[in-house]
Amino acid sequence: MLRNVLILSASAGSGHLRAAQAIERAFQLAGGAQSVHHFDTFEYTNPLFRRLFSKAYIDMVNAMPEVLGWLYDRLDQPGRDDRLKLAFDKLNTLPFVRLLEHYQPDITVCTHFLPAEIISWLIEEGRLTTRQAIVVTDFDIHAQWLCPNYDHYFVPLDETRAHLEELGVPASKVTVSGIPIDPVFAVPKDRQEMRIKHGLKAEGPVILISAGGFGVGRVDTLMASLLRLRHSAEVVAICGRNEELKAKLDRLAAEVPEDSRVTIQVVGYTTEMDEYMAAADLIVGKPGGLTTSEALARGLVFVVVSPIPGQEERNSDHLLEEGTAIRCNNLPVLAYKIDRLLDDPRRLATIRENVRRLARPRSAGDIVAKLGMLGANGNPAV
């Protein structure tokens, strides 16, 4: 049994946190360790650093996505000299360093590159003895995930593993696990039962939108296009904690004519996203690593809209190459793209089969099982 496990994420976007929470939940279900703690690394950094790192990312996503994409590509240089960045991170993460030195974990599991970088430095300095597992949360491996001191990488795809091997990582230190998602996504749920539970129509396609990921104006354009669908469909818009957006979409839903082929259900914050996904047929949205993996696990065909330049663009490329998605680059033709897909049952069935092939609903449990394998000396062999 593993003893002291630290799972380390960072709240730059929600995906890294959700991946860490999924691993934590899988540990709880498996009973695979004596002590498991999950920490958001940013909670143990200089407040100004935290604001710059986290808020700057969100601001660029919303206001300057093209700049974010440029930075993503510019920094994706394996082997580049990052001593200046490391020095800056070391200076601003002293509370995090003290946290690690206090816990002295047997194993650390990092779902963000910042804690992985700091742990690698502490190992090199002889200040920490731990086995470091790094869990990549997008389909591509960016250079910032690379560090000299690690024990194992968990990656989403065979191609990601091949990329790491080309960069010199031994094959024995890479596991293709998928991106860790909540173990609830591995629990089968009947589509009709989920539709009845959530007040959805029993017949016809259900299209799920994670509306909180778009700006309000973009959602207006998206919804206006979906209302022009030729096929009868029900659109479920998940708004999360965005009350302003929910109110706006509630008004829009109330204005839909009674004879419309499309109906809209607006949902605020929910802890039952897996059930809405189980009830749906298609998901329209941005291909973040966690959302994409959850959708695949529930068998949804992805309609890619407005991916963030950088990691989401690359995620989109993988989905399209694997035949699990379609992409709409111009929102006014979104209904046209979806109608064409629904007009072709054979094409739709092929995409769904590709989705089943790529899905890894048990990813978090598989990672925990791998971490729990013991070596001959009684230490966790990862």
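Can you tell me how much longer the chain between residue 269 and residue 370 gets when fully stretched, taken as 0.36 nm per residue apart minus their C-alpha distance, in nm with one decimal?
Here the answer is 33.0 nm.
Volume per residue, Å³, of the convex hull around the alpha-carbon atoms of the chain?
Per residue, the Cα convex hull of the chain comes to 138 Å³.
Quick check on packing: order 101-114, 266-279, 338-351 by the mean number of other C-beta atoms within 10 Å, highest mean leading.
Ranked from most to least packed, the peptides come out as 101-114, 266-279, 338-351.
Summing Lys, Arg as +1 and Asp, Glu as -1, what charge do residues with Cβ under 10 Å from the Cβ of residue 266 carry, residue 266 excluded?
With Lys, Arg at +1 and Asp, Glu at -1, the neighbours total +2.
Using the beta-carbon distance between residue 102 and residue 250 and R0 = 35 Å, what value does 1/(1 + (r/R0)^6) give for FRET efficiency, to the nearest 0.05?
About 0.15, to the nearest 0.05.
In whole percent, what relative contact order does the chain give with Cα contacts below 8 Å and a gap of six or more residues?
19
So how many Lys-Lys pairs in the chain land under 17 Å Cα to Cα, not counting same-chain pairs under 8 apart?
Lysine pairs meeting the criterion: 4.
Give the calculated FRET efficiency between residue 190 and residue 330 to the nearest 0.05, with a Förster radius of 30 Å applied to their Cβ-Cβ distance.
With a Förster radius of 30 Å, E is 0.25.
Please compute, for the alpha-carbon atoms of the range 204-277, the extent along each of the three principal axes and give them in descending order in Å.
That works out to 30, 26, 18 Å along the principal axes.
Just the number: Rg to Rh for the range 163-212, Cα atoms, Kirkwood Rh, two decimals.
With Rg and the Kirkwood Rh in hand, the quotient comes to 1.26.
If you take every DSSP beta bridge fully contained in the chain, what fraction is antiparallel? Give it as a percent rounded to 5.
Expressed as a percentage, antiparallel bridges in the chain total about 0.
Ranked from highest to lowest mean number of other Cβ atoms within 10 Å per residue, what is the order of the peptides 9-16, 202-209?
Output ranking for 9-16, 202-209: 9-16, 202-209.
Among 296, 167, 200, which one shows the biggest mean-square fluctuation in a GNM of the chain, springs joining Cα atoms closer than 10 Å?
Taking springs between Cα atoms under 10 Å, the residue moving most is 167.
How much length is gained on full extension from residue 243 to residue 94, taking 0.36 nm per residue of separation minus their Cα-Cα distance?
Difference between extended and current length: 49.9 nm.
Work out how far the C-alpha atoms of the range 188-358 reach from end to end along every principal axis, then list the three figures in whole Å, largest first.
For the range 188-358, the Cα extents along the three principal axes come out at 39, 35, 32 Å.
Only the coordinates and a few stated rules stand behind these numbers; no lab work does. As the structure is a computational prediction, the values presented were derived from the model and not from experiment. For neighbour counting, all protein chains shown are included, and Cβ atoms are generated from backbone atoms with ideal geometry for every residue, glycine included.
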